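Please treat every number below as a calculation from the coordinates, not as lab data. Being a predicted model, the structure only gives us computed values, none of them experimental. Neighbour counts are summed over all protein chains in view; Cβ atoms, including those assigned to glycine, are modelled from backbone coordinates with ideal geometry.
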Amino acid sequence: MPRNASAMHDALPEATLVERARAGDRAAFDALVRRHFGAIDRMLHRLVGNAEDAEDLAQECFVRAHGALGWYRSDAPFEAWLRRIALHLAHDHFRSRARRTARQTEGLEHVPDRAEQRPESEAGRRELSGRLAAAIERLPERLRAALVLRALEGLEYEDVGRATGVTPATARTQVMQARKRLLRALGPWLGTRKEGGAR
Amino acid sequence: MIRCSQARRRILASRDARLSLAERLELDEHLQGCEACRALDLADASLDEALAALPEPPIERIDLDAAVRAVRARIDGAELERSAQHARRARLRRWVGWSVAAAAVAALAGWLILGRGGSSTASRNELVESVPPPATSPVVPGSDVELDGAPEQPSSVAQADIESDPPRATRPDANPSEIAQLSESPAVDAEPEEPPIDVERHDRARAAVREAFALAVAARAGSAEESDVLAARLQTVEAPLKDIAADGWNVSVLAERVLADADAEVAGLAARWLAQKGDRLSINKIGAVLTRPNAPAALRRQATLALLDDGEPGIAALGPALADAELRALTLERLIARGSPASVEVMAKALAETRQDGAAAADLAHALARLGEPGVDALLESVRHGGLVAESALSELRRTRGAPERLAVLLGERASARVIDARIEAAARLGLAEVLPLLRERALDRGHRNEALAQLSAFPSRGALAIVLELWSSSRFGEDELGATARSILERDPLEGLALVGELEQPMQEPTLHDLVDLLLATDSRSAAPSLARLVGSPWLPSDERQWAAVALAELGSAEEAQRLAETLRELQPEDQRLAAACALAIHALGGASALRETFGPADAPVAERLIALLERRPSDRNPAATISRAARLLEPWLESRTLARRTTP
């Protein structure tokens with residue numbers, strides 16, 4: 001497609017693009033891909049933990065979306081709809097990965113007590129980031145999805161709930177539970193609980 | 001001042017700025033005085049920072065044009081695949097179509113060659129013969145319900161007319177001019193040859209039928225047995241009624257008029273005589289007697305007996321008799337003796353309709369329970385009606401041997417959604433363990449969630465809390481809804497929590513025990529205290545988790561839990577000094593200084609006194625973590641000396 005035509009499509013409102021894509025306008029759908037691919041890829045990367053799988057799933061997400069455009073209801077944001085498809089794909093991905101490889105048995109609660117490793121230094125911060133990413137990856141899938149969408153993607157609870165198929169209140173609870181588990185897992189690095197002993 | 005458990009929730013909620021100003025101020029006040037919660041608040045803030053500092057996935061690596069091309073290529077590939085599938089299916093359809101057509105042609109050819117001949121003619125003749133001859137119009141000009149016993153009309157015609165809608169023509173009291181007027185109507189023009197109705201003659205026939213029944217009642221037989229009297233009367237009435245019928249009248253229809261007779265005995269005899277005939281319309285007429293306002297008791301009784309004698313068709317009309325306190329016992333006994341499907345059905349229907357009548361519901365439920373398996377099934381289904389009906393049904397099901405086993409079997413069988421709902425409700429109310437997995441599934445299904453959680457809340461046997469814990473671990477519920485469900489369960493049976501802890505205290509269950517601590521705290525109820533006390537002493541939980549439970553107990557527990565904590569405290573090792581301090585703090589909060597003195601005994605009274613002085617100088621709710629630190633230091637030598645004593649004592 002000529003670049004100027006692509007630029008023209010990129011400037012169109014989302015609802016128009018969706019309508020045109022539904023009507024079979026390939027350029028309109030390409031513009032939608034261009035507009036949302038980055039966000040979906042980033043979310044999937046955070047969920048599945050590696051770039052290759054994320055990109056593959058993001059492409060598949062748009063293929064599925066293209067096939068299901070007739071089902072999209074324009075009263076919900078298009079990106080939320082895409083996120084929901086992406087979450088389903090991530091869910092399938094986890095299931096197939098679980099079948100392929102033995103699940104890591106290390107529990108969140110078994111992080112060693114190393115209170116001296118506090119994130120004051122750059123090295124400490126890197127250590128914390130690495131452990132946090134690993135701890136997020138070990139969260140149960142529902143909690144991970146809710147946390148990623150809320151805390152990392154910055155979605156409102158209504159949108160988190162819409163994407164994950166739960167009520168906003170349940171999404172809020174899931175995020176809180178995910179945070180609790182992370183606090184438990186990362187206590188020594190965050191300076192929690194070992195200091196006190198009451199709640 | 002808010003408690004630590006409330007503060008902890010508010011700390012997590014504050015990240016979403018969900019706190020009101022008042023809540024925020026309360027939290028701040030708590031944080032100033034509580035080192036532990038302050039530490040949690042700081043850690044949560046650190047977690048926020050750490051989450052924000054997580055490196056972004058490198059999206060600049062994405063070549064969007066390449067991504068668009070890749071997506072396009074996949075879409076094209078998928079469309080090609082779909083087209084190929086369509087083509088394959090179309091080929092298959094064509095092949096099947098041709099095969100069917102070929103088979104049809106072959107069959108036709110075979111039929112033409114082999115089967116053509118007389119058979120076709122024969123079948124055509126059979127067809128012609130099977131067509132009924134054109135019926136003559138049953139409509140008598142001006143005839144209606146009241147004149148259905150009229151002569152010249154077959155009885156079937158008369159009965160058909162009873163079912164038809166409002167009498168178009170005359171009432172018995174209609175005058176001949178009205179009849180004549182109707183005879184001139186266009187409908188009547190179609191049947192000009194029908195003779196006019198003689199109303200006076202009709203009335204005379206009705207009177208004769210009534211008289212026959214009255215005479216039969218008057219000619220009381222000598223026997224004292226009611227059945228003998230009845231048999232004699234029915235025999236007496238036969239001869240005069242035969243004479244009237246011989247005159248061309250439909251005696252059954254005329255006898256139905258006698259059901260409305262002022263003399264209950266005469267009307268009752270008519271009911272019994274009609275029931276013997278057993279036709280549906282007569283049964284309906286007899287049933288109508290039971291719903292008639294102000295019908296005399298004797299007539300109602302006779303009508304009931306008539307319906308009972310009539311067999312299956314009459315039973316369906318016995319609902320009003322079952323609702324009648326005076327007729328119920330008699331009716332139920334006869335229905336139980338019969339034990340037929342129609343008996344079960346009419347009793348179940350009557351039970352469902354006893355919304356406010358507790359005595360009727362109890363009688364009917366008891367009677368159904370006596371009918372064996374079909375009755376039990378009907379009772380199970382009655383549970384869905386709720387209220388008195390459900391209570392009566394459940395009460396009987398609890399008493400009926402084999403009912404729970406039967407229900408357990410039925411739970412695994414296919415049925416309509418309505419029946420499944422009824423079975424699950426019954427099983428949940430009866431506390432059948434077999435229903436718990438179904439309740440878990442239903443709780444995960446949004447359409448049944450509230451109902452299933454309510455059923456778990458009210459589940460009368462053990463096992464519901466384990467299901468709630470599984471649901472909690474699924475992270476698909478709000479804390480409040482599961483906290484409330486667990487609270488209801490524990491308030492009914494606080495020992496259920498203890499039993500669950502006992503089940504979970506084994507290898508590989510530590511995460512579940514963690515979740516149980518959270519669930520118990522979410523109940524925010526004293527009923528969780530015994531379980532928390534057990535968890536404080538559980539070696540399967542890490543020491544800091546047990547500390548949380550001990551401090552929560554200081555808020556939720558009672559003197560009983562103080563006793564349990566004292567036992568735990570005496571068994572601790574020196575490395576558990578903070579846990580020991582948390583226990584001491586909770587014992588003091590629950591039982592005061594005397595409880596602490598009792599815990600340490602006279603031999604270690606100085607330790608107890610120092611602890612008491614510390615705890616009373618620094619009220620624990622102001623800063624529990626600091627108090628725990630000091631108490632832990634104080635307790636360390638005591639724990640070491642106890643451990644040493646245990647090792648050296650044979």
Gyration tensor (alpha-carbon) shape descriptor, segment B:364-403, a/c threshold 1.5: prolate
Vicinal HN-Hα couplings computed from phi for segment A:154-166 (Karplus, 6.51 cos²θ - 1.76 cosθ + 1.60; Hz; Gly/Pro x): x, 6, 6, 4, 4, 6, 4, x, 4, 6, 9, x, 10
Note, ³J(HN,Hα) from phi for segment B:494-502, Karplus 6.51, -1.76, 1.60, rounded to Hz, x at Gly and Pro: x, 6, 4, x, 4, 4, 5, 4, x
Additional length obtainable on full extension of the chain from B:Arg88 to B:Arg292, 0.36 nm per residue less Cα span: 66.4 nm
Exposure proxy ranking, count of Cβ atoms within 10 Å, fewest first, for B:Lys285, B:Lys349: B:Lys349, B:Lys285
Farthest toward positive dipole pole in segment B:5-73 [+1 Lys/Arg, -1 Asp/Glu at C-beta], among B:Gln32, B:Pro57, B:Ala45: B:Pro57
Karplus-derived 3J(HN,Hα), 6.51/-1.76/1.60, for each residue of segment B:252-261, Hz, glycine and proline x: 4, 5, 5, 5, 4, 5, 6, 4, 8, 5
Residue (of B:Val536, B:Gln547, B:Ala559) at the positive-pole extreme of segment B:495-601, dipole from beta-carbon charges: B:Ala559
For segment B:284-374: rounded, prolate or oblate by the Cα gyration tensor [a/c cutoff 1.5]: oblate
Three-way shape label, segment B:507-650, alpha-carbon gyration tensor, a/c 1.5: oblate
Exposure proxy ranking, count of Cβ atoms within 10 Å, fewest first, for B:Lys277, A:Lys180: B:Lys277, A:Lys180
Pairwise centroid distance, computed over Cα atoms, of segment B:574-596 with segment B:314-330, Å: 69 Å
Top positive-direction residue, dipole computed over segment B:339-401 with Cβ charges, set B:Ala352, B:Thr400, B:Val389: B:Thr400
Taking B:His366, A:His91 and counting other C-beta atoms within 10 Å, the order from fewest to most: A:His91, B:His366
